[in-house]
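The values are calculated or read from the model by the stated rules, or taken from the named source; none is laboratory data. Values in this document were obtained by computation on a predicted structure and should not be read as measured data. Don't worry about glycine lacking a Cβ; one is built from the backbone with ideal geometry, like all the others, and counts go over all protein chains shown.
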Amino acid sequence: MSDAIIDKLRDILRDSSAEDRDWDSVDGSTTIESLGIDSLSILDLLYDIDQDFGITLEAAEVIDIGTVGEIAALLRKRGA
Amino acid sequence: MSGHTINRRRVVVTGLGMASAIGVDEKSMWANLLAGRGGIDHLKCLDTTPYQVEIGAEVDREATTARLKSLRRRPIDRALDLAMVAASGALEQAGLASGPPPYDEQDVAVIFGTGVGSAQAHHTAFSAFFEKGVKGLRPTTVPRCMYNAISSGLSIHFRLTGANYMVVSACTSATNAIGTAFRMVRDGYAETVLCGGAEGFFDPFFYGVWDNLGVLSTNPDPARACRPFDTGRDGCVLGEGAGALVVESLRSARERGVRVRGEILGYGESSDAKHRTSPNPEGQALAMRRALADAGVTPGEIGVINAHGTATRSNDLCESQSIRQVLGAAADRVPVVANKSYFGHTLGASGALETIVALLGLEAGVVPPNLNLQRPDPECPVTLVGSEPQPVDSPLAMKNSFGFGGGNGVLVLRRIE
């Protein structure tokens with residue numbers, strides 16, 4: 001089942017990356033670590049979330065997050 | 001050959017890679033050059049409605065995206081993307097890296113030139129800033145926009161652990177970068193250097209500033225617009241592109257058993273110290289003389305000159321005067337060729353693409369035609385290659401590059417027998 005928040009996160013992650021990987025397969029269970037996202041890329045991700053969802057997340061809120069699905073859950077909790 | 005001291009190493013080219021409007025591979029590019037097929041057209045990547053000029057030399061987007069995909073990359077910034085395509089070709093040919101990552105770490109330096117830099121990243125950042133203020137700035141704006149995004153991007157992707165930095169000197173950038181790489185290898189500071197230049201500036205702002213400068217051809221026929229040394233010329237045509245060369249010591253190349261594509265024999269540089277945009281024949285001649293002295297070659301030994309040849313009246317007259325100053329009577333027989341009528345003026349990449357063409361010409365013993373040269377300008381006192389490929393026996397070529405700001409760079413190249 002398509003999840004609009006996951007879809008949007010997938011687009012964000014793909015568009016800010018120079019890496020060509022199978023982005024279509026990214027889903028809620030995909031780990032952030034497996035996407036090669038480092039501490040600098042996390043800041044870009046928070047920036048894109050702020051621009052696209054209008055929700056400002058702090059780095060401390062996502063520092064322990066493991067998967068794309070967990071970010072989506074956090075965004076849902078914040079009204080996305 | 002009196003210019004070489006015993007402790008100077010011979011420097012050869014073992015890899016050539018390109019992203020140009022006439023090909024992203026050597027075979028296509030060379031075939032188009034010999035056939036007189038240029039790559040200048042109406043621009044597709046940019047809405048040219050607001051501009052006076054609507055033509056340019058674009059590199060095939062599908063071809064570059066496919067090459068990037070083979071490197072497991074997506075387009076991220078046009079200048080970096082084109083550099084990546086050219087570098088991958090050069091490294092593969094030199095037997096240093098091929099196929100997708102991961103690659104093994106190698107002690108190879110990266111010295112690249114650019115005039116404009118990461119135009120796309122700058123545009124994105126400025127647009128966001130003017131729309132949203134500081135809040136609009138992406139956290140990674142610095143690494144995306146820094147001029148060395150190109151050299152560091154190549155170093156990181158291909159895991160090249162030698163020095164990496166950019167040379168920024170307008171249209172002389174790539175020739176300065178190749179000259180710097182040549183000196184690094186010749187004098188023992190590096191064994192192998194990936195060098196060249198990249199430019200990707202078909203962007204609403206950067207295209208606009210060039211459109212506004214009044215140096216571009218307004219000829220409505222793209223195929224005939226760029227006419228170096230022709231009386232019908234009316235300015236240059238912009239092009240995007242990148243050229244990459246792997247240079248290393250001859251000893252290293254022989255030990256590795258790789259094919260040598262040519263030798264860099266000498267390099268000279270100078271500044272006009274006169275004007276921001278108007279060239280000066282004395283300054284250009286000084287760089288040529290220094291390159292010839294560095295190579296230990298007399299002017300009369302040069303077999304062909306690959307000119308800067310922008311197709312502005314100012315450049316053509318000045319460059320032909322400076323060539324005449326240096327060559328004297330030999331200018332009556334040494335053929336001069338300009339390549340920008342094929343792939344446009346690629347600014348900080350031009351020296352790399354044109355050095356590649358010069359090396360291919362030496363190797364093949366033939367110089368590609370001067371595309372669009374129908375009526376040679378009698379005010380240009382040089383001998384020009386005509387509309388057909390011209391056989392050249394001499395193993396020596398000279399490559400000129402000159403830039404806004406008055407910087408001049410010249411390379412002397414030799415065929416390896």
* Identify all residues within segment B:157-169 that are crowded, with 22+ Cβ neighbours inside 10 Å and of a type in the set (A, V, I, L, M, F, W, C); write none if there are none. => B:F158, B:L160, B:M166, B:V167
* Candidates B:G235, B:G239, filtered to the one that is within 19 Å of B:R37 (Cα to Cα) and either of a type in the set (D, E, K, R) or touching a residue at least 24 places away in the same chain (Cβ under 8 Å) (or both) -> B:G239
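Quick one: which residue in B:G133, B:G89, B:G117 is surrounded by fewer than 18 Cβ atoms within 10 Å (Cβ to Cβ) and in the same structural domain as B:E199 (by TED's automatic domain parsing)? Before the answer, list the steps.
Numbers: B:G89 fails: surrounded by fewer than 18 Cβ atoms within 10 Å (Cβ to Cβ); B:G117 fails: surrounded by fewer than 18 Cβ atoms within 10 Å (Cβ to Cβ).
After applying the criteria, what remains is B:G133.
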* Can you find even one residue in segment B:67-84 that is in a loop (DSSP other than H, G, I, E, B), within 14 Å of chain A (Cβ to nearest Cβ), among the β-branched types (V, I, T) and in contact with a helix residue (DSSP H, G or I) (Cβ under 9 Å, 6 or more places away or on another chain)? -> yes
* Structure fact -> Matching residues in segment B:118-174 (within 11 Å of chain A (Cβ to nearest Cβ) and in contact with a helix residue (DSSP H, G or I) (Cβ under 7 Å, 6 or more places away or on another chain)) number 12
* Has segment B:225-243 got at least one residue that is more than 17 Å from the chain's Cα centre (by Cα), farther than 28 Å from B:A181 by Cα, in a loop (DSSP other than H, G, I, E, B) and polar (S, T, N, Q)? -> yes
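Here is a yes/no grid of residues against (1) surrounded by 13 or more Cβ atoms within 10 Å (Cβ to Cβ); (2) of a type in the set (S, T, N, Q); (3) modelled with pLDDT of 95 or more; (4) in a helix (DSSP H, G or I):
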{"site": "A:S29", "(1), (2), (3), (4)": "no, yes, yes, no"}
{"site": "A:I42", "(1), (2), (3), (4)": "yes, no, no, yes"}
{"site": "A:L45", "(1), (2), (3), (4)": "yes, no, no, yes"}
{"site": "A:D52", "(1), (2), (3), (4)": "yes, no, no, yes"}
{"site": "A:E61", "(1), (2), (3), (4)": "yes, no, no, yes"}
{"site": "A:I65", "(1), (2), (3), (4)": "yes, no, no, no"}
{"site": "A:A72", "(1), (2), (3), (4)": "yes, no, yes, yes"}
{"site": "A:A80", "(1), (2), (3), (4)": "yes, no, no, no"}
* What number goes with the only condition from (1) part of a helix (DSSP H, G or I); (2) over 25 Å from B:A128 (Cα atoms); (3) acidic (D, E) that A:D11 does not pass? -> (2)
* Residue within segment B:170-180 that is in contact with a Lys or Arg (Cβ under 9 Å, 6 or more places away or on another chain) and touching a residue at least 24 places away in the same chain (Cβ under 8 Å) present -> yes
